[in-house]
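These notes concern the structure reproduced below.
The values are calculated or read from the model by the stated rules, or taken from the named source; none is laboratory data. On a predicted model such as this, the values are computed, not experimentally measured, just so you know. Here Cβ is always computed from backbone atoms with ideal geometry, including for glycine, and neighbour counts include all displayed protein chains. These accessible areas exclude ligands, DNA and RNA; they are computed on the full protein's heavy atoms, side chains included. Shrake-Rupley method; radii C 1.70, N 1.55, O 1.52, S 1.80 Å.
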Amino acid sequence: MSNQGLMFAVILLPPLLFAVVGGLGVSILAVGFLGQKKPWFGKNDLLCFLGICLGAFIWVLLIALIPVGQVGSNSLEGYPALLLKALMLGLAPVSALPALMAYGPRKK
């Protein structure tokens, strides 16, 4: 790796890792605290599973639809969008939260 590439990696990677880890931390706290409450519509494993699948699909679709411009040593115009994608990737477990709150994880 060239010296310029190394400096580029040192400048770009820490904020990206911070965004992913920060999003994952917030997501784990949110699911841990809010996902354990009493379900709104009663406990149902199948509906909970299907809701989690739908939420994850919509979340991944939202992440994929964010346009990222060029990110390189000459241009950083797409870097904010890349940071947003990294944060949303870390927040991905939050996509299960609506299904967990509505139907709960287990039947009685």
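Here are a few things to note about the model shown:
- Pairing residues of the stretch 88-99 that are open to solvent by less than 30 Å² (accessible area, probe 1.4 Å) with residues that are assigned to a helix (DSSP H, G or I) and among the small types (Gly, Ala, Ser), at Cβ distances under 6 Å and at least 6 apart in sequence or on separate chains, gives Gly90/Gly23; Ser95/Gly55; Ser95/Ala56; Ala96/Gly55; Ala99/Gly51; Ala99/Gly55.
- Considering residues of the stretch 62-87 that are open to solvent by 30 Å² or more (accessible area, probe 1.4 Å) and of a type in the set (S, T, N, Q) only, the residue farthest from Ala99 (Cα to Cα): Asn74
- Residues that are of a type in the set (Gly, Ala, Ser) and open to solvent by 30 Å² or more (accessible area, probe 1.4 Å) are absent from the stretch 44-53.
- For the stretch 28-40, the criterion of being basic (Lys, Arg), surrounded by 12 or more Cβ atoms within 10 Å (Cβ to Cβ) and out of contact with any strand residue (DSSP E or B) (no Cβ under 6 Å at 6 or more places or on another chain) is met by none of the residues.
A quick yes/no check of all residues on (1) farther than 23 Å from Leu16 by Cα; (2) at pLDDT 85 or above:
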| position | (1), (2) |
| --- | --- |
| Gly51 | yes, yes |
| Ala64 | no, yes |
| Ser73 | no, no |
| Leu87 | no, yes |
| Pro93 | no, yes |
| Tyr103 | yes, yes |
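- Trp59 meets each of the listed conditions (1) outside any helix (DSSP H, G or I); (2) under 15 Å from Ala96 (Cα atoms); (3) touching a Ser or Thr at 6+ places or on another chain (Cβ under 8 Å) apart from (1).
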